[in-house]
Amino acid sequence: MIKIRLSFAALVALTASALATEQSLRPGGIAIIEIGSTDVAAPAASMDDKPLLVMQRGEKWVAVAGIPLDTEPGKLLISINGQETIIDVAEHAYREQRLTVENKSFVDQNQKQLDRIWSERKIIDAVLTSFTESPVGGLTLAAPVPGTQSSSFGYRRFFNDQPRSPHKGMDISAGNGEPIAASRTGVIAATGNYFFNGNTVLIDHGQGFVSMYCHMSEIAVEEDQQIKTGDIIGAVGSTGRVTGPHLHFGTYLNGTAIDPAIFIEK
Ligand SMILES: [Zn+2]
């Protein structure tokens, strides 16, 4: 009996370390840099003068850098306690996606809509670039809804043949009204009804690790509310720029969009 328990524990430990060491050195991926013993104080890590998430993994501190989608393949400099570390970023060709959108206002906006989009962009960017010092216990996220997860992160999109910003999240298929669960413990950093994203919730998980839930039919939380993994934050809908109900799920580190597939528990 004891033997079985021991081997089960060993298996769990192995799986956890395999997940934790997962590197994804491509644009839209992450770099995990092992730093040193947790016997000393947490180091300061940054990239392009933006602070990076630093967390404990086993007996070591690790820094986690989100690699921006527009990063050219090659070297990326990360500063740890003022010393530079070089990361090799691999080439990754994201697919092209061409969509026909019938509601013209979602492709060409008038000045009033542009003003609205601009003010919403500022609110969202403020959350994505914020950095709260709270400790982060890990990088895994629970799937917010159980449906099929698209692999459309990073798609270079064209609406009615006009180039638009790349797809900065994962679309999860789900029906209208299906409950959405928080992916990880955190604080509700913003909620709103935005032009493109529709009803949206942003959760700050600490140190620039943020998750975003869009196109919701309803929002069940308020700003500054503490949230735990699995708490219901709203329901799936089709608000904003969409062709049908689904959940757009976005994840961010150091202000940059990261492929959610890297974090979601398999
Ligand atoms: Zn989407």
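Any read-out appearing in this document is the output of simple, stated calculations on the displayed coordinates, not a laboratory observation. This is a predicted model, so every value here is computed, not measured. Here the Cβ positions follow ideal geometry from the backbone for every residue, glycine too, while neighbour counts run over all protein chains shown.
A few points about this structure:
- Annotation: aspartates and glutamates with alpha-carbon distance below 13 angstrom to residue 228 (same-chain offsets under eight excluded): 204.
- Over 26 Å (Cα to Cα) - which of 50/266; 50/168; 60/122 fall in this group: 50/266; 60/122
- For the range 48-191, Kirkwood radius (reciprocal of mean inverse C-alpha pair distance, Å): 19.0 Å
- GNM result for the chain, Cα springs below 10 Å: residue of 92, 248, 167 fluctuating most strongly: 92
- Ranking 199, 147, 45 by Cα position along the charge dipole of the chain, where only Lys, Arg, Asp and Glu carry charges on their C-beta atoms, puts 147 farthest toward the positive end.
- Helix 111-128 and the longest principal axis of the C-alpha atoms of the chain enclose an angle of approximately 10°.
- Overall form of the range 219-261 per C-alpha gyration tensor (a/c, 1.5; a/b vs b/c): oblate
- Full-stretch length increase - residue 23, residue 116 - with 0.36 nm per residue and alpha-carbon distance subtracted: 29.7 nm
- Relative to the Cα centre, the charge distribution of the chain, modelled as +1 at Lys and Arg Cβ and -1 at Asp and Glu Cβ, gives a dipole magnitude of about 520 debye.
- Backbone geometry of the range 71-81 corresponds, through the Karplus equation with coefficients 6.51, -1.76 and 1.60 at θ = phi - 60°, to 3J(HN,Hα) couplings of 5, 6, x, x, 8, 10, 9, 10, 9, 10, 6 Hz, x marking Gly and Pro.
- Estimated dipole of the range 141-266 in Debye, rounded to 20 [Cβ of Lys and Arg +1, of Asp and Glu -1, Cα centre]: 440 debye
- Each Lys and Arg Cβ is given +1 and each Asp and Glu Cβ -1; about its Cα centre, the range 179-236 then shows a dipole of about 200 debye.
- Here the Karplus relation 6.51 cos²θ - 1.76 cosθ + 1.60, evaluated at θ = phi - 60°, turns the backbone of the range 45-53 into coupling constants of 10, 8, 9, 6, 6, 9, x, 10, 5 Hz, with x for every Gly and Pro.
- Per-peptide average of other Cβ atoms within 10 Å, ordering 96-102, 67-73 highest first: 67-73, 96-102
- Candidates 247, 128, 114, ranked by Gaussian network fluctuation over the chain, Cα under 10 Å, top entry: 114
- Cross-link partners of residue 75 among aspartates and glutamates, defined as those whose alpha carbon lies under 17 angstrom from its own and excluding same-chain residues fewer than eight positions apart: 48, 49, 84, 88, 91.
- Normalising the average separation of contacting C-alpha pairs (under 8 angstrom, six or more residues apart) by the number of residues puts the relative contact order of the range 96-262 at 25 percent.
- Ranked by the mean number of other Cβ atoms within 10 Å per residue, highest first, peptides 139-148, 22-31 order as 22-31, 139-148.
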